[in-house]
Amino acid sequence: MKWFFFLFIVSGIAQNGGSHLNDSIFFEYKGELDKAIAEGNTYKIAEKFVQLGDYYHSVEINTQAIEQYNQALSVLNKDFSELQARIKNKIGLSYINLKNYLKSREYLNESINISKKKKLKEQLALAESLLGTTYEKEGNYLKALEHQNKSLKLYTEAKDRLGIAIVNENIGSIYEDLEQFEKALRFFTISNTIFSELNHKGRINVLNNLGDVYRKTRDYEKAMMFTNRALKLAELFEDRHQLESAHKDLAKTYALMGDYQSAYDHRVIYEQLQEEGFYSQNFKQLNTLQTIFDTRQKESEIALLKQENKVSQAKQNMLIFGVFLFILLSGISFFFYNRKRKESAKIQAYEQKLLKLELDRKAIEEKKLQDEIMLKTASLSKYSLNMAQKNKMIAETSSTLQNLASRSSMDPVPKIKSLAKELDKSLSEEQEWEEFMSFFQEIRPQFIKELSKRATAKLSSTELRLAMLLRLNLSSKEIAAILRVTPDSVRVARYRLRRKLPIEPKQELVNFMLQF
């Protein structure tokens, strides 16, 4: 645990400047709220509660943000419809962040009713988009598309280009989840174009999404292009979250391309950024909670000076809050330690998997090479033997013919016919093919069985012979010489064989055979 607290202290020192800035913002907003309350201006009080809620939302303390937004609603009356709709949308978004989608829809539907009644197109468009997001998170994509399309129509009518860009991205994400990648690309491209024209940092996320889609459709070149663009923009805007996403996506793409070293490098960078982000965000949250605690402590001390009879209650509140902070710190410490241990185990398992894959690949290549050497050796031996036998037959035939020529009184016809039969027998292929198939099946015992199973029609013995010769990767000319046919006949036979096999139009027949 010592290393955790050391890192935590280092992180705290690094964030010290930012924490002072956050403190000053909080105290500024708190002072403005107190001033508005003193003035008694209802609308201004609500605005300051919203401002404080936005501050809590920015540091991801959503429960405190919701509390401030509800405080704003409590002081408003029905005359402030636009502000009410806006606050309800903010509460809806906070509940989305807390994954409480049912509660989020409750507030978003209230905002929609107000916006429709008062014709507040901007808030209505935002509410419909957020409502679509809640359904997307729950996997109800039809409902999600319905509300996102309503939002897109409203933003289009209002000519709100930023809103149009955001909703197009949302719709693209839904189609990506549905694996309808062409539609997803269309909406992401529209969003990217608008964000680019607006020079808005929202373009970074869209570029990452485009990279995701191209990776999922196995167009790794385009995937790399868009993800690298996202990475450069994230570096330009100093957006840590988008930097994490870009490195994570690059790791996935490199892994699919077989470049495991690059995949590992980007995965390590991603985890480092994620770890830094974890520290940074939690430090901001803890600093904000500490500021709230300090503020409440000071308010309690002032109350103590005014009302001595409430000392006991104030101390009790401080104690409870201190225990809460202690539990929170302890929980974060345990969570990070456990998470770091699991991530280290994952990296080690990943490295072992890479090593095993490499060893398996080499073993397969070695076996394939041995099989081909054995088969070719057996084939060469057999054909060498055949050549010797035929040469011997030709020599014996020549000798017999010379003897016949020297015996003028003997009728040569019966002997010549006998020689012809012997030559035909020598040229017969059946025994040779039986021995060849015996050799072949020793090397590829499942070839004929698997090929026949995949064929759409029964294969003849001639087609099986052609298939075996193609499996040896012989040329049409070599096959023609072995089968004692013309190369044109081989091409016709290849065509007929191809028609009986489930081969893609662009796939080579030889490549198909090499699968078995």
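The values are calculated or read from the model by the stated rules, or taken from the named source; none is laboratory data. Model, not experiment: these values are computed from the prediction. With ideal geometry, Cβ positions are generated from the backbone for all residues, glycine too; neighbour counts draw on all protein chains shown.
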Open item on the list: Scan segment 208-227 and tell me whether some residue there is under 25 Å from the mean Cα position of the chain (by Cα) and closer than 28 Å to residue 105 by Cα.
Closed with: yes
Open item on the list: I need the full set of residues from segment 348-364 which are modelled with pLDDT of 80 or more and among the charged types (D, E, K, R), in order please.
Closed with: 353, 356, 358, 360, 361, 362
Open item on the list: Looking only at segment 454-503, filter to residues that are closer than 26 Å to residue 369 by Cα and among the β-branched types (Val, Ile, Thr); which one of those is surrounded by the fewest Cβ atoms within 10 Å (Cβ to Cβ)?
Closed with: 503
TODO: Determine, yes or no, whether residue 58 is among the hydroxyl-bearing types (Ser, Thr, Tyr) and in contact (Cβ under 8 Å) with a residue 24 or more places away in the chain.
DONE: no
Open item on the list: Checking the conditions here, which among 230, 255, 234, 246 is more than 17 Å from the chain's Cα centre (by Cα) and either exposed (fewer than 15 other Cβ atoms within 10 Å of the Cβ) or part of a helix (DSSP H, G or I) (or both)?
Closed with: 234
Task: Residues that are hydroxyl-bearing (Ser, Thr, Tyr), modelled with pLDDT of 85 or more and closer than 24 Å to residue 99 by Cβ, drawn from segment 37-77 - done: 55, 56, 63, 69
Task: Hits in segment 48-63 - residues which are surrounded by fewer than 20 Cβ atoms within 10 Å (Cβ to Cβ) and over 33 Å from the mean Cα position of the chain (by Cα) - done: 51
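Rundown of residues vs (1) under 31 Å from the mean Cα position of the chain (by Cα); (2) assigned to a helix (DSSP H, G or I); (3) in contact (Cβ under 8 Å) with a residue 24 or more places away in the chain, yes/no style:
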position	(1), (2), (3)
45	no, yes, yes
71	no, yes, no
79	no, no, no
122	no, yes, yes
125	yes, yes, yes
129	yes, yes, yes
- [ ] Please specify each residue of segment 153-170 satisfying the condition of being closer than 21 Å to residue 199 by Cα, in contact (Cβ under 8 Å) with a residue 24 or more places away in the chain and either surrounded by 18 or more Cβ atoms within 10 Å (Cβ to Cβ) or of a type outside the set (D, E, K, R) (or both).
- [x] 155, 158, 162, 163, 164, 165, 166, 167, 168, 169, 170
- [ ] Give the residue, chosen from 475, 489, that is small (Gly, Ala, Ser) and at pLDDT 90 or above.
- [x] 489
Task: Only listed residue being surrounded by 11 or more Cβ atoms within 10 Å (Cβ to Cβ) and on the phi < 0 side of the Ramachandran plot, chosen from 364, 347, 327 - done: 347
Task: Matching residues, segment 213-227, being surrounded by fewer than 17 Cβ atoms within 10 Å (Cβ to Cβ) and of a type in the set (Val, Ile, Thr) - done: 217
Task: Test set (1) aromatic (Phe, Trp, Tyr); (2) crowded, with 20+ Cβ neighbours inside 10 Å; (3) over 19 Å from residue 250 (Cβ atoms) - residue 181 fails condition number - done: (2)
- [ ] Could you tell me whether any residue of segment 122-133 is of a type in the set (Ser, Thr, Tyr) and crowded, with 20+ Cβ neighbours inside 10 Å?
- [x] yes
